[in-house]
Number of protein chains: 2
Amino acid sequence: VEQPDSPFLQQARLFAEQLADAARPIAMAHFRQALAVEHKADHSPVTVADRAIETRLRGLIGAAFPGHGILGEEFGHVPGARYTWVLDPIDGTKSFITGLPLFGTLVCLLDGARPILGLIDIPATSERWLGLAGTATVFNTVECRASQCQAIESACIYTTSPDAFTAQEWSRYDTLSRRAALRRYGGDCYSYGQLASGHCDLVVEAGLQPYDFMALVPVVEGAGGRISDWRGEPLGLQSSGQVLAAANEPLWRQALAALA
Amino acid sequence: VEQPDSPFLQQARLFAEQLADAARPIAMAHFRQALAVEHKADHSPVTVADRAIETRLRGLIGAAFPGHGILGEEFGHVPGARYTWVLDPIDGTKSFITGLPLFGTLVCLLDGARPILGLIDIPATSERWLGLAGTATVFNTVECRASQCQAIESACIYTTSPDAFTAQEWSRYDTLSRRAALRRYGGDCYSYGQLASGHCDLVVEAGLQPYDFMALVPVVEGAGGRISDWRGEPLGLQSSGQVLAAANEPLWRQALAALA
């Protein structure tokens, strides 16, 4: 496993920032323009921007690290030897196509199955969270820290949409979230940034894909939080799509029990 | 009724912008700071910023227009002769206290019962929508226009939270919104700005207070949209709190029928 002070990890960190820098102007060139919204088989809207960004990022990765694998939302999985870049060019596509500025670009680097770098970039607000295994998560240029809230009853909890849950999942989420001090909807990847910066305490979702959640792992863990599936298992490419992020270990344990 | 070219309306427009300019730095000084969140009888969180802004705006209004009435979220209703300023210092308090930047300051001017000026200001993103009766709504410095989407089936629909609806209201909203091309949560006042700028097509809410919705009326109508309660009646200080905003008249009629 790479250590955070390894030359490769530092190189990867700079490169991930370059990827996000490259994605921003493409996203913003299409944001709030009339878009031909297509519908995929799963009915999530896909935009021209989504594909343009992923194409650009794949090109940059291929040029810099030709041996690395790539898994992206739009163009599938090209396996590599040890390292894999996981890309979600526009997370929060529904926000994007309705002019809501809190969509993001997600970049993750896997060492084998383990996420060692995660980046959440918000082009419209110029905000960026970057997590690197073994170091403190950075918001823009400043280290950030999740909250010390250790009781569900005083927690602020986010999920993007009830529509992403099955009835059974919603029942479990409802049981948990009704105990919270505040529950709120909308957010996509932005909610995990809020958690890493100490502004909310729990984010619970279902129906996510690996490119939606792998980048979140180093961001949340580097801020002192815990993130897993709803059974407490580490997130991986084979995960169920149920995600639980908590500001700290005690809160994570409580939330796991409440979801059970 | 004042005409848009009247000297008073132009004065009021400049003054409303001054109110929003005064609110911005107060909001931003408290945003993402640790806040002592109180709970009112209705359990909505109240922040120090909320009260500081309303106090400041009431002072400015009292100095400029001592005969005008004021109705604010925090400090109640002081009746005036002909004109009344309706203030929501921070709309989207849940967003505000969880570090989400899409909260807003709402300012409305009533001539008798009729809203003749409405302003939605988003301090964290420096975005502002201003509507003045009889003129085109302006987004920042540019006129904006709601969409031409005239079928629910191709509409993007927003509401802030299912938790704001009664079971019976939710059933009606669910029937409507399941027909839409896209439904999305979170937003508060920002959703009505998205609608005025043509990015979403319907916003439907329940459980709102007059200070939540009166400012929206000139913004939506000045962009070509329609806004009313769920029975199609004009919004006023005695309205039920059910709000339906649509990008245009045909879409508004369809949505009214679907909610019935």
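Structure notes:
- Per residue, the protein assembly as shown exposes 37 Å² of solvent-accessible protein surface, assessed with a 1.4 angstrom probe and all protein chains in place.
- Span-like helix ranges in chain B, DSSP H, alpha carbon extent 18 angstrom or more, Kyte mean at least -0.5: B:7-30, B:48-64
- Expressed as a whole percent, the accessible area of the stretch A:99-258 that falls on carbon and sulfur atoms is 49 (1.4 Å probe).
- Estimated inter-spin distance, A:GLU249 and A:ASP163, nm [label 7 Å along Cα→Cβ]: 4.0
- Spread of Cα-to-Cα distances over 10 Å intervals beginning at zero, given as percent, for the stretch B:187-260: 22, 60, 18
- With label points defined 7 Å past Cα in the direction of Cβ, position B:GLY112 shows copy-to-copy spacings of 7.7 nm, given to one decimal and shortest first.
- Estimated 222 nm signal from helices in chain B, with DSSP H stretches of n ≥ 4 weighted -39500 (n - 2.57), rounded to 500: -10000 deg cm²/dmol
- Candidates A:PRO115, A:PRO66, A:PRO25, ranked by Gaussian network fluctuation over chain A, Cα under 10 Å, top entry: A:PRO66
- Along chain A, longest interval not containing exposed trypsin sites (Lys or Arg not before Pro), exposed being DSSP loop plus at most 14 other Cβ atoms within 10 Å: A:83-177
- Surface accessible to a 1.4 Å probe, A:SER154 within the full protein complex, Å²: 70
- Estimated FRET transfer efficiency (B:HIS77, A:ALA81; beta-carbon r; R0 51 Å; 0.05): 0.15
- Buried solvent-accessible surface, both chains (A, B), 1.4 Å probe, Å² to nearest 100: 2500
- Chain B holds its axis-closest Cβ, relative to the rotation onto A, at the residue and whole-Å distance B:GLY186, 1.
- Relative contact order, percent, chain B [alpha-carbon distance under 8 Å, six or more residues apart]: 16
- Residues B:TRP170, A:TRP252 ordered from highest to lowest accessible area at a 1.4 Å probe: B:TRP170, A:TRP252.
- Per residue of peptide B:188-199, the mean number of Cβ atoms on other chains within 10 Å of the residue Cβ is 3.
- Debye-sum result for the protein assembly as shown in log10 I(q)/I(0), which assumes one identical scatterer on each alpha carbon, at q = 0.06, 0.09, 0.12 Å⁻¹: -0.28, -0.63, -1.09
- The dipole here belongs to the protein assembly as shown: it is taken about the Cα centre, uses +1 on the Cβ of Lys and Arg and -1 on the Cβ of Asp and Glu, and is about 60 debye.
- Inter-copy label distances at B:PRO162 (7 Å, Cα→Cβ; nm, one decimal): 0.3
- Each copy carries A:GLN11; placing its label point 7 Å along the C-beta direction from Cα gives inter-copy distances of 6.9 nm, listed from smallest up.
- The Rg/Rh ratio of chain A, with both radii computed over alpha carbons and Rh defined as the Kirkwood radius, is 0.95.
- Cysteines in chain B that, by Cβ-Cβ distance, have no pairing candidate under 4.7 Å: B:CYS108, B:CYS144, B:CYS149, B:CYS189
- Interface residues of the stretch A:60-99, defined as a loss of at least 40 Å² in heavy-atom accessible area between the chain alone and the complex of all protein chains with a 1.4 Å probe, are A:LYS94, A:THR98.
- Convex hull volume of the C-alpha atoms in the stretch A:114-259, normalised per residue: 96 Å³.
The values are calculated or read from the model by the stated rules, or taken from the named source; none is laboratory data. Everything numeric here is computed off the predicted structure, so don't read it as measured data. In this analysis, Cβ positions are derived from the backbone assuming ideal geometry, glycine residues included, and neighbour counts consider all displayed protein chains. To get the accessible areas, we keep the full protein, side chains included, count just its heavy atoms, and leave off ligands, DNA and RNA. Shrake-Rupley method; radii C 1.70, N 1.55, O 1.52, S 1.80 Å.
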